[in-house]
1. Among the residues of segment 43-90, what is the count of those that are among the aromatic types (Phe, Trp, Tyr) and part of a strand (DSSP E or B)?
2. Just the residues that are surrounded by 12 or more Cβ atoms within 10 Å (Cβ to Cβ), closer than 16 Å to ASN10 by Cα and basic (Lys, Arg), please, taken from segment 32-80.
3. Scan segment 1-38 residue by residue and report those that are part of a helix (DSSP H, G or I) and without any contact (Cβ under 8 Å) to a residue 24 or more places away in the chain.
Amino acid sequence: MSYYVYIMTNKWHTVLYTGVTGRLGERMRQHKSKEIEGFTKRYNVTKLVYAEEFKYVNDALAAEKHIKGWTRKKKVELIESMNPEWKDLDPSGDASPSLHSAQRDRGEGSVG
């Protein structure tokens, strides 16, 4: 099984949300359908702009914690290094580029 750290935003790119999941497609569906109460629903965060795959859940959780500690500027630099046009990378969307193209090849478990 794979685990993913992901960053989502709203249509104006004014809000960034970082999360972790073992089922990225299902999690995106939940966010977009507003099934999940909280930040993403409140701020209309529905666009996946960054995702990174990990083999181990502990590595994904550590990466999430690390990224959450970054400034907005550093998060934007990370997003733009892999997705300069801020396209929606939702793997369940037909028109979206493949998630693989957005993954960073930095070695397993490394962030930063």
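Coordinate-derived values only; no laboratory data. Only a predicted model underlies this, so the values are computations on that prediction, with no experimental measurement involved. Every residue, glycine as well, gets a Cβ built from its backbone with ideal geometry; the counts of neighbours run over all protein chains shown.
1. Taking segment 43-90 and keeping what is among the aromatic types (Phe, Trp, Tyr), we get 43, 50, 54, 56, 70, 86.
The next check asks that each one be part of a strand (DSSP E or B); those that pass are 50, 54.
Residues in segment 43-90 being among the aromatic types (Phe, Trp, Tyr) and part of a strand (DSSP E or B): 2 in total.
2. LYS32, LYS34, LYS41, LYS47, LYS75
3. To start, the set of residues in segment 1-38 that are part of a helix (DSSP H, G or I) comprises 24-32.
If the condition is that a residue be part of a helix (DSSP H, G or I) and without any contact (Cβ under 8 Å) to a residue 24 or more places away in the chain, then GLU26, ARG27, GLN30, HIS31 are the ones that fit.
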